[in-house]
Amino acid sequence: MTQVVITGANRGIGLALTQLYLDADCDVAACCRHPEEANALHALMDKHEGLELFELDVSSSDAIASLGEALKGRPIHRLINNAGYYGPKGVSLGNSPEDEWQAMFSINCIGPLKLVESLTEGLCQGQGIIANLSSKMGSMADNSSGGAYLYRSVKAAQNAVTKSLAIDLAPYGVKAVALHPGWVKTAMGGPNALIDTQTSAAGLYRVIEGLTSAQSGGFFDYQGNIIPW
Ligand SMILES: NC(=O)c1ccc[n+]([C@@H]2O[C@H](COP(=O)([O-])OP(=O)(O)OC[C@H]3O[C@@H](n4cnc5c(N)ncnc54)[C@H](OP(=O)(O)O)[C@@H]3O)[C@@H](O)[C@H]2O)c1
């Protein structure tokens with residue numbers, strides 16, 4: 001059985017990915033900050049025996065350690081670091097709140113790495129794939145409009161983490177990839193976004209499940225197009 005771990009599984013893209021992996025008969029460890037309030041996940045539990053809920057704030061090292069303990073001994077085949085935080089909108093030069101920046105760094109970059117560290121044994125056992133939900137906004141080459149200092153920088157830092165993970169874990173058969181989900185209609189993407197969560201998740205699923213060793217360490221969008229760093 002394929003064991004999948006997804007963070008931020010309670011809504012948005014994470015929820016759509018959870019649904020897809022359950023439909024594919026995988027076991028899904030769906031992680032979120034407040035499992036007791038995760039109504040959409042509870043509804044899925046009625047239909048899918050393979051769904052387990054875990055409490056996880058990715059900015060908490062204690063919570064990450066507890067998840068590592070709870071999953072100890074299990075091979076992990078997919079780790080989807082989906083939880084993310086855009087932070088305050090409209091951050092321009094001369095207006096970059098440090099406390100928010102630190103919180104964003106913790107959620108988007110430090111948390112995903114710490115989670116890999118906590119689950120390394122299982123990932124190696126499962127020869128797993130680490131899929132880090134990044135953003136085109138973390139691409140230097142794609143930045144033609146400036147601004148968004150906080151979000152751009154934390155996703156760029158996450159990309160650097162993804163690349164090193166791909167190199168360091170390759171000898172153990174583990175792959176890592178940075179993924180741009182498209183501009184998606186979620187709380188983060190807003191109502192004017194171009195695609196819905198199902199379209200994004202279906203594309204991400206295809207890219208993750210088709211990932212080759214040669215593509216590990218790369219940066220792709222949900223349609224499998226390479227994104228320049
Ligand atoms: N939507 C887009 O257009 C878009 C574009 C590019 C990249 N992305 C990336 O795609 C990923 C998913 O985005 P989305 O649009 O689905 O976002 P979303 O609708 O805003 O959902 C964010 C998810 O992250 C969780 N989260 C936030 N802080 C957390 C923390 N400290 N610990 C654990 N979970 C936390 C949220 O949980 P709570 O419900 O508890 O807040 C929620 O489940 C993110 O990494 C985002 O940066 C999205």
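Coordinate-derived values only; no laboratory data. In this text the structure is predicted, and so the values were computed from the model without any measurement. FYI the Cβ positions are ideal-geometry reconstructions off the backbone, even for glycines, and counts take in every protein chain you see.
Would you mind giving the three semi-axes, in whole Å and largest first, of the ellipsoid equivalent to the chain according to its Cα gyration tensor?
On the way: eigenvalues 128, 78, 64 Å².
Working from the Cα gyration tensor, I get semi-axes of 25, 20, 18 Å.
Hydropathy at least 0.0 by Kyte-Doolittle, axial extent at least 24 angstrom from the Cα trace: which helices of the chain, defined as entire DSSP H runs, fit?
149-169
Antiparallel DSSP bridges in the chain: what percent, to the nearest 5? Don't skip to the answer; put the middle values down first.
Numbers: 1 of 27 bridges.
Rounded to the nearest five, the antiparallel share is 5 percent.
In Å, what Kirkwood hydrodynamic radius results for the stretch 1-103 from the alpha-carbon pair distances?
The Cα-based Kirkwood calculation yields 14.7 Å.
What number, rounded to the nearest 500 deg cm²/dmol, is the helix-based mean residue ellipticity at 222 nm of the chain, given -39500 (n - 2.57) per DSSP H run of at least four residues and division by all its residues? It would help to have the intermediate numbers written out before the result.
Numbers: 7 runs with 86 residues, N = 229.
Only helices count here, giving -11500 deg cm²/dmol.
I need the P(r) histogram for the stretch 82-156: all alpha carbon pairs, bin width 5 Å from 0 out to the longest distance, whole percents.
3, 15, 23, 20, 16, 10, 7, 4, 2, 0
Just how far, in whole angstrom, is the stretch 103-176 from the stretch 12-79 if you go by their alpha carbon centroids?
Rounded to whole Å, the Cα centres lie 19 Å apart.
Hey, got the Cα dimensions of the stretch 150-221 along the principal axes, in Å, largest first?
Largest to smallest, the principal-axis extents are 43, 29, 14 Å.
How would you order 78-88, 92-102, 31-41 from highest to lowest mean count of nearby Cβ atoms within 10 Å?
Answer by packing, highest mean first, reads 78-88, 31-41, 92-102.
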